[in-house]
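Q: So that we are looking at the same thing, I have put the structure below in structure tokens.
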Amino acid sequence: MPLDSWSCDACGKPITSAPNDGIVVWRTRETDGRYLDHDFKIVHKTIEPDPVPHRCDPGNAGGYDAHIDLTVLLGADGLAWLLSWLSAGPFLGGGHLQVADLDEYVNLVRRLQTPYYEQARQNFNDEAVRDILCDASEVAPYLPDTLHRIAAGTLGK
Ligand SMILES: [Zn+2]
């Protein structure tokens, strides 16, 4: 099902939102007095009581100094969180861009918010998919219906 499972960026195995075993981690770097977030990853959280705990979260030791529970970033509340990293809006004076690379960030937002993006992205490099979408508009490849067909292997059929 869309938006309830992801492929772990560390081990490649499924992460689910129910039960929730995912976490989003990223690095922060200071540039010109501002802190910018980058290198976002969706990984399994480390749950020690698990019979075989996942060791996918690189943590502070791996240079990933920030994290948030995966489920916080889902649904309408999740979109509010994700947008707050792009703009503080009218109450706090606007601006406040907090991400280093917009393309990387939008990839994360689509993984968490656009149905079938996570399932389709593994097929983005398929030649047939690229042939069909090379002349598409900026939005067409990322509409849920298109992504569903990419994931199912039925795009263009
Ligand atoms: Zn993992």
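Q: Contact list please: Cβ distance under 7 Å, first residue in segment 7-19 and within 18 Å of A120 (Cβ to Cβ), second residue aromatic (F, W, Y), pairs at least six apart or on different chains.
A: Correct list of pairs: I15/W6.
Q: Let me ask something else about it. Filter segment 37-66 for residues that are within 12 Å of the ligand (Cβ to nearest atom), more than 17 Å from T114 (Cβ to Cβ) and assigned to a strand (DSSP E or B) and give the result.
A: K41, V43, H44, listed by residue number.
Q: Let me ask something additional. Name the one entry in G12, G22 that is under 15 Å from the mean Cα position of the chain (by Cα) and surrounded by 13 or more Cβ atoms within 10 Å (Cβ to Cβ).
A: So the residue among G12, G22 that is under 15 Å from the mean Cα position of the chain (by Cα) and surrounded by 13 or more Cβ atoms within 10 Å (Cβ to Cβ) is G22.
Q: If you go through segment 67-74 one residue at a time, do you hit one that is at pLDDT 95 or above, surrounded by 13 or more Cβ atoms within 10 Å (Cβ to Cβ), within 12 Å of the ligand (Cβ to nearest atom) and hydroxyl-bearing (S, T, Y)?
A: No; the residues of segment 67-74 include none that is at pLDDT 95 or above, surrounded by 13 or more Cβ atoms within 10 Å (Cβ to Cβ), within 12 Å of the ligand (Cβ to nearest atom) and hydroxyl-bearing (S, T, Y).
Q: Right, another one. Which condition does M1 not pass, out of (1) out of contact with any His (no Cβ under 9 Å at 6 or more places or on another chain); (2) surrounded by 12 or more Cβ atoms within 10 Å (Cβ to Cβ); (3) of a type outside the set (D, E, K, R), if it passes all the others?
A: (2)
Q: Something else about it: Counting just the residues of segment 1-36 that are more than 17 Å from L102 (Cα to Cα) and out of contact with any strand residue (DSSP E or B) (no Cβ under 9 Å at 6 or more places or on another chain), which one comes out nearest to the ligand (Cβ to nearest atom)?
A: The residue in question is G12.
The values are calculated or read from the model by the stated rules, or taken from the named source; none is laboratory data. Computed from a predicted structure; not experimentally measured. Backbone-built Cβ (ideal geometry, glycine too); neighbour counts: all protein chains shown.
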